[in-house]
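Q: I have a structure I would like to understand better, so I am pasting it below and will then ask my questions one at a time.
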Amino acid sequence: MPHRQIQICDDDSSAALITQRGLQSLLGDRYCITIASTPNAAWLVCAHGNIDLLIVDPGSGGGSAGALVRAMHAFRPMTPILVLTAYDTPGLRAKMRDLGVSYYAAKPIDFKDLLPIVTSALRMTPIPDAFFPKLYACHHR
Amino acid sequence: MGELEHLQQRIAVLEHRLSEASAHAEIVEREAALQMSRAVDLSARLSAILSISAALLISRDVDAVVQLVVREAVSLFPGTSAAHLFMADSEQSGLVLRAANNPAVIFNRPSEGLAGKALLSPRAMLLVGPQLESALSDLREDQICALRDNLKTWPPLSALLAPLRVEGQRFGALVLYGGVHAHLYHPRDLPFIQALADLAAVAIDELSQRNRAAALQRDLTLTQSLHAEAQARLSAAQAQILQSAKLAAVGELSASVAHEINNPLYAARNSLYLVEQDLDPDAPQRAFLAIAQQELGRIARIITRMRDFYRPARAELAATNINALLRETLELVQTHLRHGHINAAADLSSEIPLIIAHADQLRQVFLNIILNACDAMPDGGDLRVKTRLFQARSEAPMTIEIDICDTGVGIPPEHRPHLFEPFYTTKAHGTGLGLAISAHIVTQHGGRIMVESELRQGSTFSILLPTSDV
């Protein structure tokens, strides 16, 4: 019976599926990993469920993903967020850092490099004050 | 008897007439001799004037002209105890003695002394008696003393003055001091001194004009050369701007494409990873998976380079030692050089200062060029890295030149204009981005990169980086 939940928000269905399958394979059955193709859908899951980690790709626009991150901070401040993006730029990094995102990785990243970031995010102590200045894991390739 | 008396009277009359005629003949002879003497004198003076004018025509130097005029004036006017030629200084605020048969005084105001009178006079003047005394009395005590020391006899008995003038412009004066009673100057001398002064004025003016023309020609040549240099710099800057704009456009496109490829690449690479997890360790498919992963990895590297082309890897500006960077880069490729039978030598100037730069980016530039040099020497060769500090122009900042020379196959002339264009490559597996990125980085540092190459002789890449205060 899974007792931890990871929500993926990615509008690229193939990439989302691979992230889900890969993490599922690496983390095992104790984790339930679900996919939402839009920030709205992801927010509905996060708002009503007990999500342990949100993995979000802001996409090329990044606007509504930013709104999702802000909503998470406002209403689910203890849920860690990992931004996993194919559109890595210094501007996006700065924007996500300003939004309080603690974990950031740029695609294409191999699972063997992604896994430590995910496990680190999942182990994060759920104390709100410790959320913002946390270690900023910045995986670039 | 009457007839005899009559004859005697006639004889007496005739004798009287004869003596009158003789006396008149004597007078005429004296007059003729005087006129002859004057004619000889005049002829001599005219000859002298002609000689002077011929000499002045071939003179090439103002000082030579004034010396000649003064020397000839003394011989042309007997009894001259001193001859002075003055010229107004550049600001017309004083008369400067340019030549004298004796050293003499300099007048601070153009109106001072006999020279001042000569300068202001419309034509030549003869001063004698009270006029000369009055003119001399205008001088200060020190000027009188200096003048007295310079004259053979004091006070002068007469003086000839003439302005140096050309087309109504007066710019100097000729002054002769007469000191011998037997040769007092005469009004007949006036046309000669004015002629001498005019000849001198024309010669000096022509030389001055010639000097001014030469100076203007030099200025024009210098201006033309500066203009050509500025034009060349402008053209280079425009070409650089165009190249930068092209690079920026290509870079933006590259970055955009790179981003779009990242998602499928991520999916493809990790799909292979997941497939691999389910395969037996001995499954023959593993070999193909490895190839697929390797090639996807290659795509990922190309994509990364394309993205970095638009947005170079993050690096901090810091005080950077170019020589140390070059040594580190050579150290990095040491094994590569050894395997390629390439002898590397560094000739690094100790004068190279620290510059503010992105060290990682410059290291990437040096590495790119050195690795290209290695590729150009498949059978080995010599690699020489040299630095020097120079200043192109006095107002320009000091520039560091880094030369990386190889003895390789050289670059064919048709490839040279495209070397720094993105995606232009002659290598089978090249991306065509190495030199484009290098040029981009160097340009971002305010520098330039150039190449010289000879087929079968080798190539030299020169990087010019401006220095800055650290």
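Q: Could you tell me which numbered condition B:V69 fails, if it satisfies all but one of (1) free of Cβ contacts under 8 Å to residues at least 24 places away in the same chain; (2) buried (at least 19 other Cβ atoms within 10 Å of the Cβ)?
A: So the condition that B:V69 fails would be (1).
Q: Continuing with this model, one more query. Is it the case that some residue within the range B:256-273 is surrounded by 15 or more Cβ atoms within 10 Å (Cβ to Cβ), farther than 26 Å from A:T89 by Cα and modelled with pLDDT of 80 or more?
A: Among the residues of the range B:256-273, at least one is surrounded by 15 or more Cβ atoms within 10 Å (Cβ to Cβ), farther than 26 Å from A:T89 by Cα and modelled with pLDDT of 80 or more, which makes the answer yes.
Q: Another question, then. Test B:D406 against the criterion of being charged (D, E, K, R), touching a Leu at 6+ places or on another chain (Cβ under 8 Å) and over 24 Å from B:L317 (Cα atoms), and give yes or no.
A: yes
Q: Across the range B:274-288, which residue is farthest from A:L84 (Cα to Cα) among those that are surrounded by 12 or more Cβ atoms within 10 Å (Cβ to Cβ) and within 14 Å of another protein chain (Cβ to nearest Cβ)?
A: Here the answer is B:L279.
Q: Further question: Answer yes if at least one residue in the range A:104-112 is crowded, with 17+ Cβ neighbours inside 10 Å, away from chain B (no Cβ under 12 Å) and not aliphatic (A, V, I, L, M), and no otherwise.
A: Taking every residue of the range A:104-112 in turn, at least one turns out to be crowded, with 17+ Cβ neighbours inside 10 Å, away from chain B (no Cβ under 12 Å) and not aliphatic (A, V, I, L, M).
Q: For the list (1) away from chain B (no Cβ under 13 Å); (2) touching a Leu at 6+ places or on another chain (Cβ under 6 Å); (3) of a type in the set (G, A, S), I need the number of the one condition that A:A47 fails.
A: Against the list (1) away from chain B (no Cβ under 13 Å); (2) touching a Leu at 6+ places or on another chain (Cβ under 6 Å); (3) of a type in the set (G, A, S), A:A47 comes up short only on (2).
Q: With respect to B:I193, determine if the residue is touching a strand residue (DSSP E or B) at 6+ places or on another chain (Cβ under 9 Å), β-branched (V, I, T) and not in a strand (DSSP E or B).
A: Against the criterion (touching a strand residue (DSSP E or B) at 6+ places or on another chain (Cβ under 9 Å), β-branched (V, I, T) and not in a strand (DSSP E or B)), B:I193 qualifies.
Q: Follow-up question, since we're still on this one. Can B:T431 be described as in a loop (DSSP other than H, G, I, E, B), of a type in the set (V, I, T) and either at pLDDT 85 or above or surrounded by fewer than 19 Cβ atoms within 10 Å (Cβ to Cβ) (or both)?
A: yes
Q: Can you give me the ranges of the helices (runs of 4 or more DSSP H) entirely in the range A:39-111 with at least 3 residues that are in contact with a helix residue (DSSP H, G or I) (Cβ under 9 Å, 6 or more places away or on another chain)?
A: A:39-48, A:63-75
Q: Restricting attention to the range B:314-359, which residues are without any contact (Cβ under 8 Å) to a residue 40 or more places away in the chain and hydroxyl-bearing (S, T, Y)?
A: B:T335, B:S350 - these are the residues of the range B:314-359 that are without any contact (Cβ under 8 Å) to a residue 40 or more places away in the chain and hydroxyl-bearing (S, T, Y).
Q: Considering only residues that are of a type outside the set (S, T, N, Q), over 12 Å from the mean Cα position of the chain (by Cα) and within 14 Å of chain B (Cβ to nearest Cβ), which ones fall in the range A:80-103?
A: A:A86, A:Y87, A:D88, A:P90, A:G91, A:L92, A:R93, A:A94, A:R97, listed by residue number.
Q: Are any of the residues in the range B:150-158 in contact (Cβ under 8 Å) with a residue 40 or more places away in the chain and basic (K, R)?
A: yes
Q: While we're on this one: Any residue in the range B:187-196 that is over 18 Å from B:A82 (Cα atoms), under 39 Å from the mean Cα position of the chain (by Cα) and of a type in the set (A, V, I, L, M)?
A: No, every residue in the range B:187-196 fails to be over 18 Å from B:A82 (Cα atoms), under 39 Å from the mean Cα position of the chain (by Cα) and of a type in the set (A, V, I, L, M).
Q: Something else: Suppose we filter the range A:1-23 for residues that are over 20 Å from A:G66 (Cα atoms) and outside any loop (DSSP other than H, G, I, E, B); how many remain?
A: 10
Q: If I go through the range B:201-235 residue by residue, how many of them are free of Cβ contacts under 8 Å to residues at least 24 places away in the same chain and either among the hydroxyl-bearing types (S, T, Y) or touching a strand residue (DSSP E or B) at 6+ places or on another chain (Cβ under 8 Å) (or both)?
A: Result for the range B:201-235: 4.
Q: Next up: Conditions first: (1) buried (at least 16 other Cβ atoms within 10 Å of the Cβ); (2) at pLDDT 85 or above; (3) not basic (K, R). B:V105 passes all but one, so which condition is the exception?
A: Failing condition for B:V105: (2).
Q: Looking at the range A:1-24, which of its residues are farther than 17 Å from A:A121 by Cβ and within 14 Å of chain B (Cβ to nearest Cβ)?
A: Selection gives A:D11, A:D12, A:S13, A:S14, A:A15, A:A16, A:L17, A:I18, A:R21.
Q: Quick one: would you say A:L27 is closer than 21 Å to A:T119 by Cα and within 14 Å of chain B (Cβ to nearest Cβ)?
A: Here the answer is yes, as A:L27 does meet what is asked.
Q: For B:S225, state whether it is closer than 18 Å to B:R98 by Cβ and surrounded by fewer than 18 Cβ atoms within 10 Å (Cβ to Cβ).
A: The answer is no for B:S225.
Q: Would it be correct to say that B:V202 is surrounded by 13 or more Cβ atoms within 10 Å (Cβ to Cβ), β-branched (V, I, T) and within 14 Å of chain A (Cβ to nearest Cβ)?
A: no
Q: Among (1) within 14 Å of chain B (Cβ to nearest Cβ); (2) touching a residue at least 12 places away in the same chain (Cβ under 8 Å), there is one condition A:D52 misses while meeting the rest; what is its number?
A: Tallying (1) within 14 Å of chain B (Cβ to nearest Cβ); (2) touching a residue at least 12 places away in the same chain (Cβ under 8 Å), A:D52 fails exactly one: (1).
The values are calculated or read from the model by the stated rules, or taken from the named source; none is laboratory data. Since we're looking at a predicted model, the values are computed, not measured. Methodologically, a virtual Cβ is constructed for each residue, glycine included, from the backbone with ideal geometry; neighbour enumeration extends over all protein chains shown.
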